[in-house]
Amino acid sequence: MPECTNCGTQVGESANFCPNCGKPQNPTAQNRLDQKIEKRASQQASQQAGSSQSTSQRSQRDELIERAGYAFGFIFVVSAVSVLPSPGGVFTLLGGLLLFPPVRQLSARVFGSPLKAEFNAAVAVVLMLLGTAIHYIL
Ligand SMILES: [Zn+2]
């Protein structure tokens, strides 16, 4: 009866692995084990790659929204200030301020979670249109 090369436990002639320590008892078993480990490692690696990819995509979108928020917020505020002290400018100014990402972050404190960027932008555009209309009507 052969003995395990690792722990000395007697193993059967046909045993591929030691029943005590699990060490492969022949090159074929060793190969199979290696392949299994390699497969699992590559599966984990691809899973990790997939999850980190989706995270980076999400943050990329957030970054884009943030940049757009600053850009449009700035344009709104500048155009609002140029028509002040017209009451229409006040609305446009509010809309512009709403677009700034830090202001949007503040909405998270009020409502529990930050307002959706789409909703935020829609409100800002409505305020801007309202401001423009008031400016030209009055
Ligand atoms: Zn053993």
Accessible area of Thr28 in the full protein assembly, 1.4 Å probe (Å², nearest 10): 90 Å²
Calculated [θ] (222 nm, deg cm²/dmol) that DSSP helices of n ≥ 4 give over the chain, each run adding -39,500 (n - 2.57): -26500 deg cm²/dmol
Per residue, in Å², the accessible surface of the range 27-137 once ligands and nucleic acids are set aside, probe 1.4 Å: 73 Å²
Heavy atoms of Ile75 accessible to a 1.4 Å probe, total area in Å² rounded to 10: 100 Å²
Selection from Ser42, Cys18, Ala29, by position along the positive dipole direction of the range 1-55 (Cβ): Ser42
Share of carbon and sulfur in the accessible heavy-atom surface of the range 70-121 [1.4 Å probe, %]: 77 percent
Under Karplus coefficients 6.51, -1.76 and 1.60, residue-wise ³J(HN,Hα) of the range 25-39 in Hz, glycine/proline x: 9, 8, x, 4, 5, 4, 4, 4, 5, 4, 4, 4, 5, 4, 4
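The values are calculated or read from the model by the stated rules, or taken from the named source; none is laboratory data. It should be emphasised that the depicted structure is a prediction, and the values quoted were computed from it without experimental measurement. Ideal geometry is used to build each Cβ from the backbone, glycine not excepted, and the neighbour counts take in all protein chains shown. Surface accessibility is based on the protein's heavy atoms, side chains included, excluding ligands, DNA and RNA. Shrake-Rupley method; radii C 1.70, N 1.55, O 1.52, S 1.80 Å.
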